[in-house]
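The values are calculated or read from the model by the stated rules, or taken from the named source; none is laboratory data. If you're wondering where the values come from, they're calculated on a predicted model, not measured in any experiment. Ideal geometry is used to build each Cβ from the backbone, glycine not excepted, and the neighbour counts take in all protein chains shown. Accessible surface areas use protein heavy atoms only, side chains included; no ligands, DNA or RNA. Shrake-Rupley method; radii C 1.70, N 1.55, O 1.52, S 1.80 Å.
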Amino acid sequence: MLTASTLLLLATLTGYTLLCAASPFGTCRTCRGLGGKVVLDRKGRPKRAKPCHRCKGHGKRLRVGRRLTNHSRAVHRAGTR
(Lines give C-alpha, C1' and ligand atoms only; values in the text may rest on other atoms or scores of the structure.)
Protein backbone atom coordinates (compact mmCIF):
# COMPACT_ATOMS: atom_id res chain seq x y z
CA MET A 1 0.00 0.00 0.00
CA LEU A 2 2.78 2.42 0.91
CA THR A 3 4.70 1.56 -2.23
CA ALA A 4 1.68 2.20 -4.46
CA SER A 5 0.98 5.59 -2.91
CA THR A 6 4.67 6.53 -3.18
CA LEU A 7 4.72 5.57 -6.86
CA LEU A 8 1.52 7.53 -7.48
CA LEU A 9 2.96 10.61 -5.77
CA LEU A 10 6.20 10.27 -7.72
CA ALA A 11 4.32 9.95 -11.03
CA THR A 12 2.21 13.02 -10.22
CA LEU A 13 5.24 15.14 -9.31
CA THR A 14 7.10 14.00 -12.42
CA GLY A 15 4.14 14.90 -14.61
CA TYR A 16 3.81 18.34 -13.03
CA THR A 17 7.55 18.95 -13.42
CA LEU A 18 7.34 18.08 -17.11
CA LEU A 19 4.28 20.33 -17.50
CA CYS A 20 6.13 23.26 -15.90
CA ALA A 21 9.13 22.68 -18.16
CA ALA A 22 7.04 22.45 -21.34
CA SER A 23 4.52 25.19 -20.54
CA PRO A 24 5.68 27.54 -17.76
CA PHE A 25 2.67 29.86 -18.07
CA GLY A 26 -0.87 28.89 -17.12
CA THR A 27 -4.18 30.68 -17.57
CA CYS A 28 -5.01 33.28 -14.93
CA ARG A 29 -7.68 31.94 -12.58
CA THR A 30 -9.20 35.35 -11.84
CA CYS A 31 -9.91 36.58 -15.36
CA ARG A 32 -9.83 33.12 -17.01
CA GLY A 33 -7.29 34.31 -19.57
CA LEU A 34 -9.25 37.35 -20.78
CA GLY A 35 -6.95 39.91 -19.17
CA GLY A 36 -9.76 41.66 -17.33
CA LYS A 37 -13.42 41.52 -16.49
CA VAL A 38 -15.79 41.94 -19.44
CA VAL A 39 -18.11 44.84 -18.67
CA LEU A 40 -21.12 45.88 -20.75
CA ASP A 41 -22.42 49.43 -20.95
CA ARG A 42 -26.12 50.34 -20.78
CA LYS A 43 -26.61 49.57 -24.47
CA GLY A 44 -25.11 46.10 -24.13
CA ARG A 45 -21.85 46.84 -25.91
CA PRO A 46 -18.54 45.69 -24.43
CA LYS A 47 -16.76 48.45 -22.57
CA ARG A 48 -13.06 48.73 -21.84
CA ALA A 49 -12.45 47.32 -18.37
CA LYS A 50 -9.60 47.56 -15.91
CA PRO A 51 -6.87 44.97 -16.39
CA CYS A 52 -6.77 42.02 -14.03
CA HIS A 53 -4.65 42.74 -10.97
CA ARG A 54 -3.22 39.20 -10.75
CA CYS A 55 -1.90 38.86 -14.30
CA LYS A 56 -1.66 42.62 -15.08
CA GLY A 57 -3.88 42.20 -18.12
CA HIS A 58 -1.88 39.47 -19.87
CA GLY A 59 -4.18 36.55 -19.08
CA LYS A 60 -1.26 34.28 -18.19
CA ARG A 61 0.48 33.61 -14.88
CA LEU A 62 3.70 31.80 -14.02
CA ARG A 63 2.97 28.34 -12.60
CA VAL A 64 3.92 27.62 -8.98
CA GLY A 65 6.33 24.85 -9.97
CA ARG A 66 8.10 27.11 -12.44
CA ARG A 67 8.29 29.86 -9.83
CA LEU A 68 9.96 27.41 -7.41
CA THR A 69 12.37 26.25 -10.13
CA ASN A 70 13.37 29.83 -10.96
CA HIS A 71 13.90 30.63 -7.27
CA SER A 72 16.03 27.53 -6.66
CA ARG A 73 18.15 28.33 -9.73
CA ALA A 74 18.68 31.90 -8.48
CA VAL A 75 19.72 30.64 -5.04
CA HIS A 76 22.11 28.14 -6.60
CA ARG A 77 23.66 30.80 -8.86
CA ALA A 78 24.08 33.19 -5.92
CA GLY A 79 25.70 30.48 -3.79
CA THR A 80 28.23 29.31 -6.38
CA ARG A 81 29.75 32.74 -7.09
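Just a few scattered comments:
- Nearest 10 degrees, 0 to 90: helix 2-22 Cα axis against the chain principal axis: 50
- Our coupling estimate for region 68-80, obtained by passing each phi through the Karplus curve with A = 6.51, B = -1.76, C = 1.60 and θ = phi - 60°, is 5, 4, 4, 5, 5, 5, 5, 5, 5, 4, 5, x, 9 Hz, Gly and Pro reported as x.
- Residue 23 accessible area, assembled protein chains, probe 1.4 Å, Å²: 40
- Solvent exposure of region 2-81 as accessible area per residue, Å², 1.4 Å probe: 87
- Rolled with a 1.4 Å probe across the full set of protein chains, the surface gives residue 71 an accessible area near 120 Å².
- When all protein chains stay in place and ligands, DNA and RNA are ignored, the 1.4 Å accessible-area order of 19, 68, largest first, is 68, 19.
- A Gaussian network model of the chain, with springs between Cα atoms under 10 Å, assigns the largest mean-square fluctuation among 66, 29, 42 to 42.
- Helical content of the chain, expressed as a calculated mean residue ellipticity at 222 nm, amounts to -15500 deg cm²/dmol (DSSP H runs of 4 or more residues, -39,500 (n - 2.57) each, divided by residue number, nearest 500).
- Relative contact order, whole percent, for the chain stands at 29, derived from Cα pairs under 8 Å and 6 or more residues apart.
- Placing unit charges on the Cβ atoms of the charged side chains and taking the dipole of the chain about its Cα centre, the candidate lying farthest along the positive direction among 39, 6, 74 is 39.
- Phi to ³J(HN,Hα) by Karplus 6.51 cos²θ - 1.76 cosθ + 1.60 over region 44-56, Hz, x for Gly, Pro: x, 8, x, 10, 5, 10, 5, x, 5, 7, 7, 10, 6
- Taking only Cα atoms of region 3-43, radius of gyration then Dmax in Å: 18.2, 61
- Across the chain, counting alpha-carbon atoms alone, Rg and Dmax equal 19.2, 61 Å.
- Accessible carbon and sulfur surface of the chain relative to its total accessible area, %, 1.4 Å: 61
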